[in-house]
Amino acid sequence: MTALVWFRNDLRISDHPALAHAAAQHGAIVPVFVLDETDPWPIGAASKWWLHHSLSALSESLGGIVLRRGDPRQIIPQLAKELGAEAIYWNRSYEPHAVARDTEIKSALSEAGLGARSFKANVLHEPWEVETGSGGPFKVYTPFWKAARQRPVEAPLGAPEIHLGPIDGLGEALSDWQLLPDKPNWAAGWETHWQPGEAGAQARLAAFLEEGLKGYGDLRDRPDLPNVSRLSPHLHFGEISPRQVWAQTNMASSLNSALEKDAFKFLSEVGWREFSNHLLFHFPTLPDKNWRPTFDAYPWQESPDRLSAWQSGQTGYPIVDAGLRELWNTGTMHNRVRMVAASFLIKHLQIHWQHGETWFWDTLLDADLANNSAGWQWVAGSGADASPYFRIFNPMTQGRKFDPDGAYVRRWCPELADLPDEYVHAPFEAPAETLARHGVVLGETYPKPIVDHASARAAALKGYEAVKAAANP
């Protein structure tokens, strides 16, 4: 009476439908995690760090887990045969590769006479459950989320009682996967910023609801303030479920009516995550192609030097540089700054959004295929419900508005720390004597702007004329 439970992006025990159903129906559970080496979007370097620690935490909670790497199409049926398992359970994923892979595996298991069941666990609603009036997928966020909010959300499941089957000798050692960086250890200190694992996820949500939810609606755009949840990597790896976030946030709001507005705004961000999964499921080329084909006509520029300057936070625009440096040093970047940094790459430098998508995929701890591709296409103007192509963020204005005292820039660009507030977001506008007095030498201690804002904006708008022409031939 053994069941195999295949863990994927659901590295938790509570509100884990596959695990709960398996535990209720079978006497012994064998948990397995497969590092899928056939995925066209293999896990990035930063995410590997998180995965190592998350798997370690999950293994401790379960009492052990079988680790294998390779092709799940071969590994899952083979392992089920080795164990004499009666059934295999997993929670659904919605990435194109996962959908095709899981369909193939379920068919193979069925042909072998084995039961295979999959469950909804990592979204509030299945991508096919929320439909337009005509029965198709939504392409605009606001009506999507309005329709989604009208659907009931199931209560989270508790953690089941698990009886672990024999697993010794069935898998590999986590250390053999070499997920942690070495020589150099560029993730040194990350453990002070993050606590991967289910316990860390629950602690993070509790702290946010207690300390960060109040004022979230107005303050979430301030990178210098702590009014953000920092739950995205926990959600991506499934250490906490959207249903748990939904239930606990609504509970906090019900106990304190003053939090209602902020809770509504926070849950609408969970809604954007839902919308991104909805888009990726229905439009599986989202990570690889312009959602709006007319953007194929945009005259992108190839500039390795400028791309490198952007990646390393050396553009000469402080809010952009602070964001890229925060990313490199912590594995995350504040969401408002993500939009500004992405806009700068796409519109100031006219570098294809896929270069930014790839960089974020490798350096973000919360690198999520749906969110990442939808976000980059939103900024570019090429995606569903996208930001207008002519919306070009002014990095100086954005910095002054959302980092008014320059605290965020001063933290991540310490060479500018002594500049007066009026110049910290635009040191190139400061008088020479002011720069000298505060130890700033443009081109030496801090880079000169790699492009002129006004000229870059004009060039971007000119480039978009080709897109308009393609849309109206």
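The values are calculated or read from the model by the stated rules, or taken from the named source; none is laboratory data. Worth saying up front: this structure is predicted, and the values here are computed from it rather than measured. We place every Cβ from the backbone using ideal geometry, glycine too, and count neighbours over all the protein chains shown.
Can you confirm whether the range 187-206 contains a residue that is under 20 Å from the mean Cα position of the chain (by Cα), within 20 Å of LEU58 (Cα to Cα), at pLDDT below 95 and outside any helix (DSSP H, G or I)? Within the range 187-206 (the criterion being under 20 Å from the mean Cα position of the chain (by Cα), within 20 Å of LEU58 (Cα to Cα), at pLDDT below 95 and outside any helix (DSSP H, G or I)), the answer is yes, since at least one residue qualifies. Across the range 203-245, the number of residues qualifying as surrounded by fewer than 18 Cβ atoms within 10 Å (Cβ to Cβ) and over 21 Å from TYR408 (Cβ atoms) comes to 3. Restricting the first member to the range 152-179 and to residues that are on the phi > 0 side of the Ramachandran plot and not assigned by TED's automatic domain parsing to the domain that holds LEU35, and the second to residues that are surrounded by 13 or more Cβ atoms within 10 Å (Cβ to Cβ) and in a loop (DSSP other than H, G, I, E, B), no beta-carbon pair is closer than 7 Å while six or more apart or on different chains.
Taking into account only those residues within the range 351-397 that are over 22 Å from TRP272 (Cα atoms) and of a type in the set (S, T, N, Q), which is surrounded by the most Cβ atoms within 10 Å (Cβ to Cβ)? Taking the candidates together, the pick is ASN394. GLN78 meets the conditions (1) in the same structural domain as LEU19 (by TED's automatic domain parsing); (2) over 29 Å from ASN371 (Cα atoms); (3) in a loop (DSSP other than H, G, I, E, B) in every case but one. The failed one is (3). Would you check which residues across the range 1-30 are modelled with pLDDT of 95 or more, part of a loop (DSSP other than H, G, I, E, B), surrounded by fewer than 23 Cβ atoms within 10 Å (Cβ to Cβ) and not charged (D, E, K, R) and list them? Of everything in the range 1-30, those that are modelled with pLDDT of 95 or more, part of a loop (DSSP other than H, G, I, E, B), surrounded by fewer than 23 Cβ atoms within 10 Å (Cβ to Cβ) and not charged (D, E, K, R) turn out to be ASN9, ILE13, SER14, HIS26. Scanning the range 50-71 turns up no residue that is over 30 Å from GLN195 (Cβ atoms), in contact (Cβ under 8 Å) with a residue 40 or more places away in the chain and buried (at least 20 other Cβ atoms within 10 Å of the Cβ).
None of TYR89, TYR94 is outside the structural domain of GLN244 (by TED's automatic domain parsing) and in contact with a Pro (Cβ under 7 Å, 6 or more places away or on another chain) except TYR94.
In the range 309-331, the residues that are without any contact (Cβ under 8 Å) to a residue 40 or more places away in the chain form Cβ pairs under 6 Å with partners that are outside any helix (DSSP H, G or I), at six or more places apart or across chains, as follows: LEU324/GLY313; LEU327/MET333.
Could you tell me whether any residue of the range 66-73 is more than 18 Å from the chain's Cα centre (by Cα) and assigned to a helix (DSSP H, G or I)?
For the range 66-73, residues more than 18 Å from the chain's Cα centre (by Cα) and assigned to a helix (DSSP H, G or I): present.
Residues satisfying the criterion are present in the range 111-121 (criterion: farther than 25 Å from ALA386 by Cα and part of a helix (DSSP H, G or I)).
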